Amino acid sequence: MRELEHILALFAAAVLLAAAARRAGAPYPVFLAIGGALLAFIPGVPSPTFPPELVLALFVAPILVDAGYDASLRDLRDNWAPLLGLVVVAVGLTTAAVAVVAHALVPGLPWAAAIALGAIVAPPDAVAATAVLRPLHPPQRILGILEGESLLNDASALLIYRLAVGAVAAGSFSVQTVAPTFLLAVLGSLVAGPVLGWLVQRLLEKVQHIPTAIILQFVGTFTVWLLAEHAGLSGVLTTVCFAMTLGRTAPGRTPARIRLPTNAVWATVIFALNIFAFIFIGLQIRPILVELAPVQREQYLLVAAAVLATVILVRIAWHMAFNFAIRWRDRRFGFHPPRPMLRPTVGSGLVISWAGMRGIVTLAAALALPAGFPARDLIVLTAFSVVLGTLLIQGLTLKPLLRALNLRDGDPVGHEEDAARRRLLEAAYAQLPPNGSPAVDLVRKDLKMWLGHVHRRDGPQGSFGAEYDAAYRGALRAAREVLLAMRNSGEIGDDAFHTLENDLDWMEVSDPLRAANADATE
């Protein structure tokens, strides 16, 4: 019971830290990392542990499904070259460089363990980067590259991680032995993921009860991961392919009344997983620091600092070299994108190079190491130090960097949205009966309100939109006050109150102006 009380108190403190981060305009993982670091200096806190074999499934599988579901196949195709460089080359170079540095500073560290450390700290996490960048409306190409990298580099890094951990368990490593199994696992995952995605979607289509549908989504997520692991496939790659298949098929087959609460639940779960990851890693750090002798503690911190510097410098060196090659190619052969997007520049290369913050996948991979793994304490401490260091150094300076560079791409997403709204409005009007009746006229007005341009506060009808928004909010507020007064006076009972409260809630969230400008008003 005491441990539960401690965990609940820590969770509440983490929620407050995240709220403070939002008020400060900083990505919430930065404040969570600071809170996790402070836990290492609080005496008497518990040190709960998870079975290592469950850590990746519990923390990584939902993260991958959430990211894979929202992944844009079009953006992945458009940016295949920089993504390939970051996902394959940058991850490989980072893993190798970190392994060399760690082995040089700790000569007794087995090479397989050094490679595992490199794979753990190799994949950046886009959560912090996009939290910083999205409010500033950066070029869509930069966002697409960072989000695509975050999804795919987890797969490449954790594949290396699995091989390294397996080599430690087996006591040896042979390319001739591992290569066929590795290729079979990759190819099998590329097939199994979409098949499982199709099967799960077919099952979910038959479920109309909202809580049941949401629970089955999580059951399906963990089942896919576990099936892949038991079959000898890559749980990461299978889950990514599963999620991307759902992302392409579910929108046309999932009713809105299920999709809206589902989005809220998934956002809450991902937020909670990030909190738990930073709490548990922080609770693991204190025993490590307490039990180390002063000389050994200094060595561990030196390794952590060296690995942090290596991680940052390798990414900058690789991507700026790639950026130079791409700009040279564009000067020589011309820039011919499939659609309007920002031309590669030194500024865009700097932003992508600097957006290398590590996050929950690095923490989860470190926690997933088995208890007897060589130099486990060193690896866990180094992994957390890299997460903390990149979030503080890069996460807090990325916004000033973007503002200083002032990168603009003409808002291609906004133009696409405007064009889509016109097409949607035309299609909707075409379905209405040609004869005008009061009911049809009302539908036509509602459609124009939802799909027209009155939602744009900065558009030609901005004054109308502002007046509509103020009037709509005031009317709903007055209705709520009367409803509460009637319940409090006993004029209506709680059953009628909750029915009408639900109606007002749906009216509030379905306000076209507030919904269209949600990102701007949060």
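The values are calculated or read from the model by the stated rules, or taken from the named source; none is laboratory data. Just so it is clear, the model here is predicted, and its values are computed rather than measured. Cβ sites come from the backbone with ideal geometry, for glycine too, and all protein chains shown count toward neighbours. Ligands, DNA and RNA are stripped out before the accessible areas are found, and what is left, the full protein with its side chains, is counted by its heavy atoms. Shrake-Rupley method; radii C 1.70, N 1.55, O 1.52, S 1.80 Å.
Scanning the range 338-357 for residues that are under 30 Å from A113 (Cβ atoms) and open to solvent by 10 Å² or more (accessible area, probe 1.4 Å) yields a single hit, W354.
Would you confirm whether any residue within the range 301-310 is under 26 Å from L163 (Cα atoms) and open to solvent by 40 Å² or more (accessible area, probe 1.4 Å)? Show your work before the answer.
From the range 301-310, those under 26 Å from L163 (Cα atoms) are 303-310; that's our starting set.
Filter once more, keeping what is open to solvent by 40 Å² or more (accessible area, probe 1.4 Å): 305, 309.
Scanning the range 301-310 turns up at least one residue that is under 26 Å from L163 (Cα atoms) and open to solvent by 40 Å² or more (accessible area, probe 1.4 Å).
Hey, can you tell me all the residues within the range 288-300 that are surrounded by 14 or more Cβ atoms within 10 Å (Cβ to Cβ) and either in a helix (DSSP H, G or I) or not hydrophobic (A, V, I, L, M, F, W, C) (or both)?
Quick first cut of the range 288-300, residues surrounded by 14 or more Cβ atoms within 10 Å (Cβ to Cβ) only: 288-289, 292, 297, 299-300.
The answer is I288, L289, R297, Q299, Y300.
Are there any pairs, at least 6 apart or on different chains, whose C-beta atoms fall under 9 Å, with the first in the range 395-417 and farther than 27 Å from R74 by Cα and modelled with pLDDT of 85 or more and the second of a type in the set (G, A, S) and open to solvent by 40 Å² or more (accessible area, probe 1.4 Å), and if so, which? Final answer for the pair search is G395/A131. Annotation note: of T254, T181, T245, the sole residue that is open to solvent by 20 Å² or more (accessible area, probe 1.4 Å), among the hydroxyl-bearing types (S, T, Y), in contact (Cβ under 8 Å) with a residue 40 or more places away in the chain and outside any helix (DSSP H, G or I) is T254. Here D377 passes the criteria (1) open to solvent by 30 Å² or more (accessible area, probe 1.4 Å); (2) touching a Gly at 6+ places or on another chain (Cβ under 8 Å); (3) under 29 Å from L17 (Cβ atoms) except the one numbered (2).
Residue-wise test of (1) open to solvent by 20 Å² or more (accessible area, probe 1.4 Å); (2) more than 19 Å from the chain's Cα centre (by Cα).
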| residue | (1), (2) |
| --- | --- |
| F373 | no, yes |
| V386 | no, no |
| T397 | yes, yes |
| L405 | yes, yes |
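Of the helices (runs of 4 or more DSSP H) lying entirely inside the range 324-426, the ones with 1 or more residues being among the acidic types (D, E) are found at 376-390.
Candidates in the range 110-137 are the residues that are buried (at least 24 other Cβ atoms within 10 Å of the Cβ) and of a type outside the set (A, V, I, L, M, F, W, C); of these, the one that is nearest to the chain's Cα centre (by Cα) is D125.
Counting the residues of the range 274-309 that are within 26 Å of L56 (Cα to Cα) and either modelled with pLDDT under 90 or touching a strand residue (DSSP E or B) at 6+ places or on another chain (Cβ under 9 Å) (or both) gives 16. Of the helices (runs of 4 or more DSSP H) lying entirely inside the range 1-105, those containing at least 3 residues that are closer than 27 Å to L301 by Cα span 2-24, 28-39, 91-105.
The condition (being open to solvent by less than 90 Å² (accessible area, probe 1.4 Å), in a helix (DSSP H, G or I) and either without any contact (Cβ under 8 Å) to a residue 40 or more places away in the chain or farther than 19 Å from L369 by Cβ (or both)) is satisfied by just one residue among V207, V195, V168: V195. Among the residues of this structure, F278 counts as one that is aromatic (F, W, Y) and open to solvent by less than 10 Å² (accessible area, probe 1.4 Å).
Restricting the range 217-230 to residues that are of a type in the set (A, V, I, L, M) and in contact with a helix residue (DSSP H, G or I) (Cβ under 6 Å, 6 or more places away or on another chain), which is farthest from I258 (Cα to Cα)?
We begin by selecting, within the range 217-230, every residue of a type in the set (A, V, I, L, M); these are 219, 224, 226-228.
With the extra rule that they be in contact with a helix residue (DSSP H, G or I) (Cβ under 6 Å, 6 or more places away or on another chain), the set shrinks to 224, 228.
Values: V224: 22, A228: 28 Å.
Filtering first and then ranking leaves A228.
For the range 453-476, check the following and say yes or no: at least one residue is open to solvent by 50 Å² or more (accessible area, probe 1.4 Å), part of a helix (DSSP H, G or I) and modelled with pLDDT of 85 or more. Yes, the range 453-476 contains a residue that is open to solvent by 50 Å² or more (accessible area, probe 1.4 Å), part of a helix (DSSP H, G or I) and modelled with pLDDT of 85 or more.
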